[in-house]
Structure formats: structure tokens, C-alpha cells
Amino acid sequence: MISTALEKSRQVQMPSVIYGTSSLGNLYVELPFEDKLEIIGECVRHAHGIAVFDSAGKYGAGLSLESIGRGLRQLNVDPSKVLISNKLGWYRVPLETEEPTFEPGVWKGLRHDAEQRIGYDGILACFHQGNELLGEYAAQLVSVHDPDEYLAQARDAADEKRRYQDILDAYRALSELKTQGKVLAVGIGSKNWRVIQRIAQDVALDWVMIANSLTLHDHPADLLEFIAELSAANIAVINSAVFNGGFLVGSDYYNYQLVDKECEKGKALYAWRDAFWAICKRFSIQPAEACFAFGFGIEGIKAVALNTSKAEKVKMNVAMATAEIPQAFWDAMVLEGLLPS
């Protein structure tokens, strides 16, 4: 279950796999709607009980949300069979430049731009706009999107303090939405888990999404301790980006940054991956399966968020939740120094 609030509200069994939807917002590639419709259809078809979509106003300046709502309507999916998470903080605005200003070069074929709005009024504006884009499939899980990046933009200590207050004000608005029964649960998603740790001391959270921080390649001990604390407090943890932005399964981008193969750090990353792939081949295991199993097998993790731009991969992604990895594989990873003993 994702949270106590969710259990009481709907008695929903949270599936092991949550569907990330940045590809529906044209991340890196402009997908035709027909492809997006097929992806959404496969997600619903292979969901165990309920299809959970993780989206955000930042994904394609609302295009992901718009695609989800349009696709679900076209497929005539019962709203009660769908749960949508909307990470809030980016508001769609007219596109007045050649390409979007919020992340140039990342999103393709957009017809809108987005501006950041974090604070009490700003987060409510994002929430209502998101629901307009979704139609009858209103978001029931809400959070502030990438508060770590918002804080990192601070010019000085005074600006950082103001920005942190903006985040607290945004969560005050989300808490009111929950009290009013307009959403089921309030959470947080961040690439910097230390920011989650800080905010969790000041905000009552139902769920936490850890991104790029808890993977087979990178899993700091103090983060594992924090997840145990969250679990003890009945705060569910969703693990996201378990492939380090795709690098562990073949991409040249580690956590969305192009790896320089010539520098020492880059050479070390590729050497680690080569050794990892060799062990996978020896045991006839797909690298993605091993990454999922590690990221999902940590105590306190309730679900893993996976994203794909190909409909045929949805079924395989869901199947990873039940793939069996022999202990001998993990022993080999330890023996070759790829995992701590």
C-alpha cells in the first residue's frame, strides 16, 4: 500500500511497477500519439489491479498529462482503474521562443513552454491546470517536483531560506487538498535524497520517491538507513531511475549526463558496467532484471517506477517484478567487487 491515507480511502493494492511517463511528454524523442496510445493501453492491460501513472507538469510542458488523459479517454478506461501521480511545480505557458526555455534540447516537438511556480498559490495553479489536462482522470497522488533543484538555484543563504519557505508553503497547499478530500496522498520526489530527508522533518508525507539515488551501482549506506526510518514511520518509498538514467542498461548517459569515456570517472563507469554485463551474461540474466531486483528488494521499497517509449517493453517491465535472480549471481557480484560484501 502506498500510504495509510490511500489504504483508508480506497483499499488499493499498490502494484510493484509504477509507470513513468516522461516519454509521453516527448523526452528526447517526439513520439506520435498513436505510439503513446499503444503504450498507455499496454500499461492498463498489464497492470495488476490498478494502473499507476507517474507524471508531471514538467514532462513536455504538460504534454505527458495531456497524452495520458486523451489516451485513457480514447481507450474508455474506467477512472477507478487508474491512479495518477502529478509532481507539481511547473505551469504550462505559451511557447514564445524556438524551443522551450525550461530544459533546452531535452524535450522534442513541444508547442508550449513551462515556468516554475512553487509556493502556495503557484502549486495550486499547477494542480488545477494538471487536472484540466487530465480531464476526468484527476491526479490523486501529489507532490512538489524536484525541490532539490529549486533550492540549488539559490543565490545566497537568504534566497535559499526564501525558497525553502516556498516549498513549505506549497506543501501546506497540498495538505489542504488532502484534508478537503481532493487528493488521496501527499508525497515528494527528488534526485537529492538529502533534501527529502530535510523536508520530511517539516512536512507530513505519505510517500517518497527516490530518483537516481538507489541503484545497483550506487546505494549509499546512509540512504538505506533513511529508507528504513521512512518504512518504520509507515511512509512508503518508491524507487525511480534504477538504471541510473539508462546507463546500466546501455545508454551513454549516467543520471542524464553524458559520460566522458576519456576521463577517469568515465572509464571507471564503463569498466563497472562491462563487468556487470559479463556476470549477467554468465547467468543468462538481463541487466535490467538485475537492476530492478536490487532496487525493489531493499526493505522499505514498495514499488519501482519504470519508463519506456516502446509499448512492447511494458509487459517485460512488469514481468521484472517476479523475475528470480539466483543467489549465486549476487555472490559473483560481491566476489568481483561490484557489490559490497
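The values are calculated or read from the model by the stated rules, or taken from the named source; none is laboratory data. As the structure is a prediction and not an experimental result, all values here were calculated from the model. Note: ideal-geometry Cβ built from the backbone for every residue, glycine included; neighbour counts use all protein chains shown. Accessible surface areas use protein heavy atoms only, side chains included; no ligands, DNA or RNA. Shrake-Rupley method; radii C 1.70, N 1.55, O 1.52, S 1.80 Å.
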Report task. Straight distance only, please: which lysines reach the Cα of K161 with their own Cα at less than 21 Å, same-chain residues fewer than 8 apart left out? Result -> K191
**Report entry** Gyration tensor (alpha-carbon) shape descriptor, the stretch 237-341, a/c threshold 1.5
**Finding:** oblate
Query raised in the report: Considering only DSSP beta bridges whose two residues both sit in the chain, what percent are antiparallel, to the nearest 5?
Result: 20
Requested in this report: Express in nm, to one decimal, how much length is gained between D78 and H48 on full extension, taking 0.36 nm for each residue of separation and deducting their alpha carbon distance.
Outcome: 9.3 nm
Query raised in the report: Using alpha-carbon positions, what is the distance between the centroids of the stretch 75-94 and the stretch 211-250, in Å?
Result: 25
Requested in this report: Note the full-extension length gain between E136 and S309 as 0.36 nm times their separation in residues minus their Cα-Cα distance, in nm to one decimal.
Outcome: 59.8 nm
Requested in this report: For H145, list long-range residues whose amide hydrogen, built 1.01 Å from N in the peptide plane, is under 5 Å from its own amide hydrogen.
Outcome: L88, G89
Query raised in the report: Using the alpha-carbon centroid of each, what span in Å lies between the stretch 260-277 and the stretch 130-187?
Result: 37
Query raised in the report: Hey, got a sec? Which GluC sites (Glu not before Pro) in the stretch 35-119 land in a DSSP loop and have at most 16 other Cβ atoms within 10 Å?
Result: E96, E98
Requested in this report: State in Å² the accessible area per residue of the stretch 110-209; use a 1.4 Å probe, count heavy atoms of protein chains only, and round to the nearest integer.
Outcome: 43
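Kindly identify the stretch 148-241 as rounded, prolate or oblate by the Cα gyration tensor criterion: order the square roots of the eigenvalues as a ≥ b ≥ c, call it rounded if a/c is under 1.5, otherwise compare a/b with b/c, prolate if a/b is larger, else oblate.
On the way: a/c = 2.06, a/b = 1.12, b/c = 1.84.
Oblate, because a/c is 1.5 or more while a/b does not exceed b/c.
In what sequence, largest accessible area first, do K161, K36 appear using a 1.4 Å probe? All intermediate terms of the calculation are to be shown ahead of the outcome.
On the way: K161 150, K36 10 Å².
Largest accessible area first, the list is K161, K36.
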Report task. For the stretch 58-158, state which trypsin sites (Lys or Arg not before Pro) are in a DSSP loop and have at most 13 other beta carbons lying within 10 Å of their beta carbon. Result -> R111, R155
Query raised in the report: So how much accessible area does I298 have, in Å² to the nearest 10, using a 1.4 Å probe?
Result: 30
Report summary line: A221 and A158 label points (each 7 Å along its Cα→Cβ direction) are spaced in nm at 4.2
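For n ≥ 4 DSSP H runs only, could you compute -39500 (n - 2.57) per run for the chain, divide by its residues and tell me the 222 nm figure to the nearest 500?
On the way: 12 runs with 144 residues, N = 341.
Rounded to the nearest 500, the figure is -13000 deg cm²/dmol.
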Report summary line: Among (1) 19.6, 56; (2) 21.5, 73; (3) 19.1, 63, the entry matching Rg and Dmax of the Cα atoms in Å as calculated here is (1)
**Report entry** Net lengthening on full extension, L95/I325 (0.36 nm per residue, minus Cα-Cα)
**Finding:** 78.0 nm
